[in-house]
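The values are calculated or read from the model by the stated rules, or taken from the named source; none is laboratory data. What you see is a predicted model, and the numbers here were worked out from it, not measured in a lab. Here the Cβ is made from the backbone with ideal geometry for all residues, glycine too, and neighbour counts use every protein chain on show.
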Amino acid sequence: MELLPIPLFIHVRVLDIVDIVIVAFLLYQIYLLIRGTAAIKIFSGIVLLYFIWLVVKALNMELLGSILGQVIGVGVIAIIIVFQQEIRKFLLLLGSRYTTKGKSALESFLLGTDQNEVSQTNLDAIVKACKNLSETKTGALIAITRNSELEVYSQTGDIINAELSSRLLENIFFKNSPLHDGAAIIKGNKIHAARCVLPISENLNLPPNFGMRHKSALGLTEVTDALVIVVSEETGKISLADNGSIDYGISLTDLKDKLEQKLQAKR
């Protein structure tokens with residue numbers, strides 16, 4: 001008796017593997033974007049419902065499959081509504097990665113200019129200002145522009161465009177100064193704006209000792225590639241936020257080294 005060849009149930013192509021890798025990468029990026037927020041539970045529920053729908057379709061359960069299909073179809077609109085903040089954050093992050101000063105990354109490369117670069121002298125001035133602010137326990141929030149333009153946030157404060165110096169930074173955050181409440185934005189070798197309002201982080205797992213300055217620092221670095229320095233008014237400790245994470249209570253030496261390293265990496 002001749003045995004007939006049994007056809008394989010699954011035919012795997014190279015494109016199928018590429019497809020799976022891309023989907024896995026996108027899901028991981030979405031997870032990184034919403035982890036620590038209330039949206040992570042909603043997202044997990046949506047993914048679970050979708051996999052149940054796939055199983056139902058594979059088992060040819062027509063009635064249940066039809067119901068779940070309708071729910072998922074209408075759910076696209078619900079996802080846009082529920083995740084509007086996360087979608088906005090993702091688009092802002094995507095735009096800031098590939099645009100510089102309103103131009104594409106290719107145009108910036110061809111032009112070969114970087115007006116957002118901070119000189120070593122002004123980097124020393126920033127560190128010196130943080131040292132003096134820390135010693136007097138004067139709260140400060142300093143955002144340093146890299147590739148991302150921060151004009152949206154600069155417009156919430158007062159445009160200064162003054163030459164950067166440690167004394168000017170200290171005067172801005174002096175408690176009786178009208179500009180002390182908010183963030184100072186540094187663009188290149190100038191203090192571009194002061195008294196600026198930064199977005200608040202939506203991360204629900206932050207330490208209870210983090211005040212509005214630390215949350216604002218994290219919030220800005222979650223949607224842009226800016227570096228944000230925080231000087232705590234309560235403890236005088238210095239922190240540096242970058243890419244949605246924060247190094248809390250670092251020394252002046254570490255601050256200078258990290259700033260040099262991170263700014264150099266963007267050149």
request  = For D242, state whether it is assigned by TED's automatic domain parsing to the domain that holds V152 and free of Cβ contacts under 8 Å to residues at least 12 places away in the same chain.
outcome  = no
query = Does the stretch 16-60 hold any residues that are modelled with pLDDT under 85, part of a helix (DSSP H, G or I) and among the charged types (D, E, K, R), and which are they?
reply = D16, K41, K57
query = Do we have any residue at all in the stretch 246-255 that's in contact with a Gly (Cβ under 8 Å, 6 or more places away or on another chain) and touching a residue at least 60 places away in the same chain (Cβ under 8 Å)?
reply = no
ask   = Got at least one residue in the stretch 229-244 being part of a helix (DSSP H, G or I) and either within 19 Å of the chain's Cα centre (by Cα) or within 19 Å of L123 (Cβ to Cβ) (or both)?
value = no
note = Residue hits (the stretch 145-168; surrounded by 16 or more Cβ atoms within 10 Å (Cβ to Cβ) and either aromatic (F, W, Y) or over 25 Å from the mean Cα position of the chain (by Cα) (or both)) are Y153, I160, L164, S165, S166, L168
